[in-house]
Structures are given as structure tokens and as C-alpha cells.
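The values are calculated or read from the model by the stated rules, or taken from the named source; none is laboratory data. None of the values given here were measured: they were computed from a predicted structure. Every residue, glycine among them, receives a Cβ derived from its backbone with ideal geometry; neighbour counts consider all protein chains shown. Accessible surface areas use protein heavy atoms only, side chains included; no ligands, DNA or RNA. Shrake-Rupley method; radii C 1.70, N 1.55, O 1.52, S 1.80 Å.
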Amino acid sequence: MKIKSYLLIISLVGLFTILQVITAFGQNGTIRGFVYEKETGEPVIFTNVYLQGTTFGAATDVNGYFAISQIPPANYILMVTYLGFDTLQESITVKADDIITKNLYLEKGSYSLAQIEVSAEREEARTETRTSVVKITPKQIKQIPSMGGQPDLAQYLQVLPGVVFTGDQGGQLYIRGGSPIQNKVLLDGMIVYNPFHSIGLFSVFDTDIIRNADIYTGGFGAEYGGRISSVMDITTRDGNKTRMAGKVGASTFGANMMIEGPIQKMKEGGGGSSSFIFSAKNSYLEQSSKIFYDYVDTAGLPFNYTDLYAKVSLLGENGSKVNLFGFSYNDQVNNYKSLSDYQWESFGGGANFLIIPGSSPVLMEGHLAYSQYKISLEETNSRPRESVINGFNMGFDFTYFIGKDEIKYGFEILGFKTDYIFYNSIGIEISQEENTTEIGGYVKYKKTAGKFLIEPSFRLHYYASLANMSLEPRLAMKYNATDRFRVKFAGGLYSQNLISARSDRDVVNLFYGFLSGPDNLPEEFNGEEIKHKLQKAEHAILGFEFDLSSRVTMNLEGYYKNFSQLTNINRNKLLDENEYPNEPDLITKDFIIEKGYATGADVTLKYETHRLYLWAVYSLGYVVRQYEDINGELQEYNPHYDRRHNVNLVGTYMLGDKRDWEINARWNFGSGFPFTLTQGYYGLLTFQNGIYTNYTTENEDLGILYGDLNTGRLPTYHRLDIGIKKTFVLGYNTKLEASFSVTNVYNRENIFYTDRLTGDKIYQLPILPSAGLNFTF
């Protein structure tokens, strides 16, 4: 029996148990509510809330929400413990069928809570399946060396297990064998089509406004759909609900600003509140590089960007809230390597909400958003390219808490338009303009049974433009063998419509456009009939978690992603399909079918004290693609991001009695990427005048004879970054941070690419010192 059948059977069995447990409320009570920081009103996430002397408890979610259900009627002491804050205790009486809603406020600790040895993170490891997912907070992002004192999510993602980064300039992130188009990026529930700037050191997200980022590198649950490899789910924080606050900063790379404050102040006694937050950051590297980095390029580094984000939060007395938000991101590269002008712009806005019904134990969430992404590229030796995608997404989610178990279900609707035009190497136009609608629904059940956590889920996703329905069972499990050792598994079926306007065979390509999956695909692949027009994948991940001590954790995961059907742009198109219907698909179709797989293993080791943080990652990966050649024979190649070995070592140490000095370092090693070798050159006649071209007098261009696809390997990549930061406390809410960092300390010449015609080698960024100041008030 195939893996699809096993997953379907297990998921359905698990979901049928919902009918048995939904009546389990009986005559017991429920305590629910939110935990906030008293000083700012910001939710306290992933902290422990429990009833003293019992096994009843829960961890807060990304909104600070908790729910403890099936509590027998009695008197209890409700406790909240969180490192860095005073322990909260409150007497509470639970009655039969009673639902108690509490808003709890934590104060910063006046003494060390050394007796609390179990952190919220360690507790979550025992109560959540957490297979192939990394949770990131701003504190973690700031623990690695940053460019000019500007910590950024893009820099932190590069040290995660299974993540491959292809370069400092125009680089993209590839997650466990999946390309960027196969990674779904959500910001407060809104789709962001391109989260990274052309200089790969920076993302569009301001670290100061991030509350939490969940990075699913595979095996994600049924609440996420429309992508076949990975998910980045980013949540921004609310503005300060008690006072005006902000931050301004500047460095040799760029400047940033953030301001926040209450519209209506939060009061501990109750009542609603509202707040706002606004952030802006930009790069003036094109100008500053002519002063500080003229040794890199006397013409400057032509990377420019501006990112704006704003949010208004309306909070009800019982914790229900509505957020309104919007963003504008843009990026521009001027005369890159004297070859191209490149720019993209993205904007969007929307709302999300969270509702706590007064008499029901359900949590209701929803979102509605619109976003657009437009990119254009003008090259000296090629025709211009342009791609636009815009559309909306909306969804509703409902969560029921049943003791330690929970049921979650919901649905979403997406509608988007793609408009794309491109010319291949011989001038054949490939274009598309299409409107697309997708509808998805899911249900997920989390069951705690002794030492087992079982989380079956099921998704039904309909792609209207392709008239295809996708049934997607998924499963996550964890076995808590001991308090220090856990075994976990995740797997499932996944599908998507969107395809990239860049080919997986491209080595250097700044252009990152989007297309809707076409319905005009080859009818067969490898002698088998093509039964659907979707891209599909199957995941299986097996992992082990070890708590080697109270401060050392180790995680080992092996994964396999089978990309059973992929759609790729056909770079070999020579003829119009309508004029030459009997010619092979490889030279007439706009798109071709491929398949492949990604497999590997990741091991991480983390050590953390109040002064020292160490993080070590080793990743082993294999990525393979297969396609049909003009004779119908199956050919195999490694895409350009196939990196066999990847190592990241990160260290941070706090100095001084007040821990106001910080030094950090990061070293990255990666084996060489594949590339296609050049076998020779020939005289190329372009026949610009068609049949009227006089081939005896026309000047020839230089043509290139290519070797087999991606059979060569670039040299290894390695780079050391270091940083130092000093914090000056100027007042209770005021501080100044001065930072200095060096990227590529020993000036390693990491190859980016080689110009095939001139033989010139283009390298990644050389040694780059940077300095910055940040003022917080």
C-alpha cells in the first residue's frame, strides 16, 4: 500500500474520534484568557499557565491566549511563570459548566527566578508535535552578527537547518530542496510574494515589529495549503498600549525608524484599548558604498530599498481584537554589473481578528487581505521582462479546546491575477495573463494519549482555473519516551498552482516573477498519462529530540520530499505549437513537466545560559530533478541550489556586570553549487532579417557550446562574520546601542558566477566592515 493510502487511513481514523471527544465537556469548567506584559500591553507568548498542584495547564499561543478545559469544580490557585517576570498567582473558583475569562498581567521580575528550570520552550517541546518547524523571536534574530547593527530575519534564516542560501547578491533561500516559489510567506495572514531584497542580507520585515515567526521546513499541517515545500508564518506585534515609544537607527548600510503608542490606553482593571505601530527602513548603500566600500566597486553597490509597515490594533475588554495593517515594499538595482536595471514593488493591506465568544469554549480567528507584486528587468543584451501578480486571500479558523486536546478547522478563499511576458534566448515570446481562484478547507485534531501526541489533519483544496481538486491527508506524531528524549514524525500530501517565471536551471537570475499553473501541459511524461495539472509533493520526516542537560538540546531530523509532478518554464521552445502541432513537446510547449526528490538529514545543537548562546547546525542534502529530452528519454540533473554539505556555527556572549556588552560570531561553510560547464564556442548567425539575411556578409555573434546540465561544481563557500555591541542605559525606557560588525572577516573570494564570454569571475561580497547606532525611547 502506498504512503498516500496510509496517510489517508490514519487521518480519517483520527478525525472520526472528534465525534467521541466533543461530548467530553461534561460538568467540568473552563478557564481561558490572555497574558500580557503590564509595562507595554504586549501579549506574552509561549508561557506556562497552570493550576498549582494539578496536571491542568496550557501554554499561551502567539496572541498570548490560553485555555484550560475539563477542570473539575473546586478552588484552585492559578499560576503564570515566565523567565524575567515575577510569578503571578491568583485564587480562582471553578464551577460546573462555567467558562471563566481572565486577563493576566505580568510584571518584570525584581529578582532572579533561578528555581524555574523548565522554560516555556522546553514545555512546548513536550506538548506540541513541532516536527520540522522552528519558532523565531526578535531575541534570537539579534543573537547573530548583523550588518550595521540592523538584525534581520533574512540573516537568521540562513543559519537554520535545511536552509540553503545562494548568494549575497540576488540570493534566495531554498528550504529542504524546495525553490522559493514553493515556500508560502504569510505576514499577519496576508500573502507576501517576495520577502527578500536583491542584496540577500536583508528581508522586507523590520525585526522590531516581529512578534514571532514560524518556519515550517516540511511536513506542515492542513491549515496551510497552496505550497509543496515550506511555510513562513510571520506575526507582527501590537503597538505599545501604555505609552509612546520608538526607535531610530542609522548605519553605513541604511536607516530605520519605528514609532508606537496607545490610541486608548490599556488599564489593568479592564476595558478596551487600542494602539498603533509604524516602521520604516531604507538602504542608501548605493550612495554610502562610494564612500565606505569603493574598493568593492568604484561605481558603488547599486542596491536600494524602502520598506514601510503600519498597524492599528483594537482590543476588546475580554481580549477579542481587530488588527488593521498595510505595507509598501520596493527594491531597485541600478545598472547591475553594467548589465541590467532591476526593480520590484509590492504593496498590500488587510485586517485580521480574534473573537472570544462569551458563552462558548471556541476561539474564532479570521483574516482578509489584498496584495500586489510587480517586477521588471531590463538587460543590455536581452528584451525586457515583466511580471505582475495581485489578489486577495481570506479565511476563518475555529479552535475548540478539550482538556489537553483540541480541534481546529477552517476555510480560505484566494483569488489572484498573473500577467507575465518573457522572451527566451532565441526571441520566442512566452506570455500569460490569467485570473485564478482557489478554495480550501481543513480540519485538524490534536490528541494527547499518555506519552503520545497524535495530530491527524485533512485538507481539501480546489483549483478553479485548472478544474482540479486535491485531497491532502497529513499526520504529525510525537512520542515522549522520557522527560529528555522524544521521537517525532510528520508527513502528508501537498499541492500548488503557482509556478516561477525563473527556471530551476538558472544559475544567476535576479528576475523573480509569478505565473499561474498552465492547463496546456504535455499529455504524457515518461510514458505515463498526465492526470492533473497541479504540482504535487509528498513529505515524510522522522526526528529525535534530546535534552542533553537543562541547558543543552539536540535535534536530529531526516526528511524525504518526493516532488511527483513539477511544472517548469521551457527554455528550449523553438516553434509555435499551433503552427507545428506534430513536433515534440520539448520544442513547442511553453511549459514542461518534471519530477524529482529532495532528501537529507539535519542535526542541531543548542546551548544557552544567561550570558552564553551557542548554536551549531549541520545539513546533508540531495536534490534531484528529472525531465524528458527531445527523444523522450528521462534525463536527471541537480538544480543550481543542490548543496551537499552546509555548516553553521553561531556564538553570542554577554559581558559586564550589567551584560551591556555583547560579542557574536557566525561561520558558514557550504560545498559547491552545480553549474553547467562550457565545452566550446562557435560563430552564431542570428538571421535578424529572416530569409533576407545575407549570411556571407553578416557579422557573427559568439555562440556557446554547453556541456551536460549542471555536471560541474563551483568551489566551496565559507565566510566568517563577527560583531560587537555596547548598550548605554540613559533612563528607565531610554537606551543607546552602538554596534560594529565585519562581514567576511578573512575576505574569502566566494565565487558568484563566471561570465562565459569574457571569462571574468564575479565574486560574492568581500570583507565589509559596518557600524551603526540605535536609539530606543
TODO: Please list, in chain and number order, the residues 5+ apart from residue 47 or on another chain whose amide H is under 5 Å from its amide H, with Hs placed from the backbone.
DONE: 60
Open item on the list: As a test of understanding, state the convex hull volume per residue of the range 404-498 from its alpha carbons, in Å³.
Closed with: 139 Å³
TODO: Please give every one of the lysines within straight-line cross-link reach of residue 446, meaning a C-alpha to C-alpha distance under 20 Å, and leave out same-chain neighbours fewer than 8 residues apart.
DONE: 135, 404, 408, 478, 488
Task: Interchain or long-range residues, amide H under 5 Å from residue 767's placed H - done: 747
- [ ] Determine, from the Cβ-Cβ distance of residue 439 and residue 647 and an R0 of 51 Å, the FRET efficiency 1/(1 + (r/R0)^6), rounded to the nearest 0.05.
- [x] 0.75
Open item on the list: In the chain, if the dipole is taken from +1 on Lys/Arg beta carbons and -1 on Asp/Glu beta carbons about the Cα centre, which of 661, 466, 291 is farthest to the positive end?
Closed with: 661
TODO: Measure off, as a whole percent, the carbon and sulfur share of the 1.4 Å-probe accessible area of the chain, all protein chains present.
DONE: 55 percent
Task: Using θ = phi - 60° and Karplus 6.51 cos²θ - 1.76 cosθ + 1.60, couplings along the range 137-142 (whole Hz; Gly, Pro as x) - done: 10, x, 4, 5, 4, 7
- [ ] Give the distance, in whole Å, between the Cα centre of the range 189-251 and the Cα centre of the range 367-401.
- [x] 16 Å
Task: Within straight-line cross-link reach of residue 725, lysines at Cα separation under 20 Å, skipping those fewer than 8 residues along the same chain - done: 139, 142, 247, 658, 735
- [ ] Apply 1/(1 + (r/R0)^6) to the Cβ-Cβ distance of residue 698 and residue 631, taking R0 = 41 Å, and write down the FRET efficiency to the nearest 0.05.
- [x] 0.80
Task: Karplus-derived HN-Hα couplings along the range 556-565 (A = 6.51, B = -1.76, C = 1.60, θ = phi - 60°), whole Hz, x at Gly and Pro - done: 10, 9, x, 9, 9, 10, 9, 8, 6, 8
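Go through 91, 741 and list them by solvent-accessible area, largest first, probe radius 1.4 Å.
Per-residue accessible area, sorted high to low, gives 91, 741.
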Task: Solvent-accessible heavy-atom area per residue, rounded to whole Å², over the chain at 1.4 Å - done: 42 Å²
Open item on the list: Only sites in a loop by DSSP and with at most 16 other Cβ atoms within 10 Å count here; which trypsin sites (Lys or Arg not before Pro) in the range 537-571 make the cut?
Closed with: 551, 571
Open item on the list: Could you sort 420, 682 by their accessible area in this structure, using a 1.4 Å probe and putting the largest first?
Closed with: 682, 420
Task: Net charge dipole size for the chain [Lys, Arg +1 and Asp, Glu -1 on Cβ; Debye, nearest 20] - done: 2780 debye
Task: Net charge, residue 603 excluded, C-beta distance under 12 Å - Lys, Arg +1, Asp, Glu -1 - done: -2
Task: Spatially proximal lysines relative to residue 589 (Cα-Cα < 28 Å; intrachain offsets below 8 disregarded) - done: 184, 374, 417, 531, 533, 536, 561, 573
- [ ] Quick one: which residues, 5 or more positions from residue 497 or on another chain, have an amide H under 5 Å from its amide H? H modelled 1.01 Å from N in the peptide plane, none for Pro or chain starts.
- [x] none
Task: (1) 64; (2) 49; (3) 38, with the label sought being that of the calculated percent of Cα pairs over 39 Å apart - done: (3)
TODO: Find which of 104, 758, 567 sits farthest along the positive direction of the dipole of the chain, computed with +1 on the beta-carbon of Lys and Arg, -1 on that of Asp and Glu, about the Cα centre.
DONE: 104
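Students sometimes get this wrong: rank 615, 661 by accessible area, probe 1.4 Å, all chains present, largest first.
The most accessible residue leads, giving 661, 615.
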- [ ] Note the full-extension length gain between residue 485 and residue 578 as 0.36 nm times their separation in residues minus their Cα-Cα distance, in nm to one decimal.
- [x] 27.3 nm
- [ ] Can you find, among 676, 232, 332, the residue farthest towards the positive end of the dipole of the chain? Put +1 on the C-beta of Lys and Arg, -1 on that of Asp and Glu.
- [x] 232
TODO: Scan the chain and note any complete DSSP helix (H) whose C-alpha atoms cover at least 18 Å along its axis and whose Kyte-Doolittle average is -1.0 or more.
DONE: 3-16
